[in-house]
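A short worksheet on the structure shown next.
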Amino acid sequence: MSILVTGGAGFIGSHTCVELLQNGYEVIVVDNLCNSKEESLRRVQDITGKSILFYKVDLLDQMHLEEVFQNHQIQSVIHFAGLKSMGESVKIPLRYFHNNITGTLILLEVMKKIHTKNIVFSSSAGVYGDVKNVPILEEAPLSVLNPYSRTKLMIEEILHDVIIADPEMNIAILRYFNPVGAHPSGQIGEDPNDIPNNLMPYVSQVAVGKLPFVRVWGNNYPTPDGTGIRDYIHVMDLAAGHIKALTKLDQNPGLITYNLGTGRGYSVIEVITAFEKACQHTIPYKIMERRPGDAAISYADPTKANLELNWYTQKNLEDMCKDAWRWQSQNPSGYP
């Protein structure tokens, strides 16, 4: 059975491709490579010993996207493609709305035309906005703090309307917390363009000598060490969640929504300390002013995914740091 993975050359997409291939799926990737590299897919094939069909296609290019669907019998879509920097989205919101939302609308139009009924959507814990209560349940109030997160929330709302119009659709919305780590082989991992926006790749680049120090945004939060606490999830655990979601869609559940997180949080200082253990040297950091809109504590309640998907995380913070360091130390400049 063929699965179309949009944005499959990216960080989460490439690791999910590994899981798909190892679980017997045929994988077709469409990616415009604006923030990813085709080398990641070559390495996925090396890891698995299986092949991927790759099309360099932008979701905004409806004609060529339709050709991909017409050339293959696609059972389900996993939709990762999209611009993803919260900070950048504040500066260029129109580009984010056009790329992420219009691209999704075109994808859904093509799926409707070809009668592909199953889609797993890559959403974000950013749809919960300024968190007031933890752990966060799927039923928590939704609000957003930046245009990137707004695109995720708007697409979720679009998907709710799509399934009302076509009850034969099956849609899984997966709200990720903070994906980190890398494949245990060290062959694929996170390779951000320019300076990383997220903590773990930033720590990794300081550890490997590419950046001088980690910026810690505030140390006066009401947490044990004063730094913000987040739910970090190993990217391979996250990838496994997509396999479970695809299996669930085979049961024709309609629209389903799940948090994918570990259910516990780690502070910024805890992450830095764990990474120092992984790389076996000190990682310098500097305390900066708090960023507006940052919550003190945010972590998931993954109970629903545990019970309904039989999905549980397997890797802890030590695993996340070890695997991230293995990737970064073997690939100090990312993919060639």
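What follows is calculated from the coordinates using simple rules that are stated; it is not laboratory data. In this text, all values refer to a predicted model and were calculated from it rather than measured experimentally. Here Cβ is always computed from backbone atoms with ideal geometry, including for glycine, and neighbour counts include all displayed protein chains.
Residue separation times 0.36 nm, minus the C-alpha to C-alpha distance between H72 and R215: what's the value?
Contour length minus Cα-Cα distance gives 46.8 nm.
Who wins for biggest fluctuation among E109, E139, E38 in a Gaussian network model of the chain, springs between alpha carbons below 10 Å?
Looking only at E109, E139, E38, the largest GNM fluctuation is found for E139.
For a Förster distance of 25 Å, can you work out the FRET efficiency between the beta-carbons of S333 and T282, rounded to the nearest 0.05?
Efficiency, rounded to the nearest 0.05: 0.65.
Take every Cα-Cα distance within the range 203-336, group them into 5 Å bins from 0 onward, and report for each bin the whole-number percent of pairs it holds.
Once binned at 5 Å, the Cα pair distances of the range 203-336 give 2, 10, 16, 17, 17, 15, 11, 7, 4, 1, 0.
Volume per residue, Å³, of the convex hull around the alpha-carbon atoms of the range 183-256?
170
To make sure I understand the rule: partners must be lysines, Cα under 29 Å from the Cα of K277, and not fewer than 8 residues away in the same chain. Which ones qualify?
Reachable lysines: K210, K286, K315, K322.
Once you have a ≥ b ≥ c as the square roots of the Cα gyration tensor eigenvalues for the range 116-273, tell me rounded if a/c is under 1.5, and otherwise prolate or oblate according to whether a/b is larger than b/c.
prolate
Could you identify which residue out of T116, T303, T48 has the top mean-square fluctuation in a GNM of the chain using Cα springs shorter than 10 Å?
Sorting by GNM fluctuation, first place goes to T48.
Using only the Cα atoms of the range 130-173, build the gyration tensor, take square roots of its eigenvalues as a ≥ b ≥ c, and label the shape rounded, prolate or oblate: rounded if a/c is under 1.5, else prolate if a/b is larger than b/c, else oblate.
Taking the square roots of the gyration eigenvalues as a ≥ b ≥ c, the range 130-173 is oblate.
For the chain, set up a Gaussian network in which alpha carbons nearer than 10 Å are linked by springs, and say which option among E26, E270, E157 fluctuates the most.
With Cα springs under 10 Å in the chain, the top fluctuation among E26, E270, E157 is at E157.
Among the lysines, select those whose C-alpha is under 25 Å from the C-alpha of K91, and discard any that sit fewer than 8 residues away in the same chain.
List returned: K37, K152.
Could you name the aspartates and glutamates whose alpha carbon sits less than 13 Å from that of K248, not counting residues in the same chain fewer than 8 places away?
Excluding near neighbours in sequence, the set is E308.
Near D250, within a Cβ-to-Cβ distance under 13 Å, what is the net charge of the other residues, with Lys and Arg +1 and Asp and Glu -1?
Overall, the nearby charge balance is +3.
Which part of the range 53-72 falls in the paramagnetic zone of E109, meaning amide N under 19 Å from the point 7 Å along Cα-to-beta-carbon?
57-71
Relative to the Cα centre, what is the charge dipole magnitude of the chain, using +1 at the beta carbon of each Lys and Arg, -1 at the beta carbon of each Asp and Glu, and rounding to the nearest 20 debye?
600
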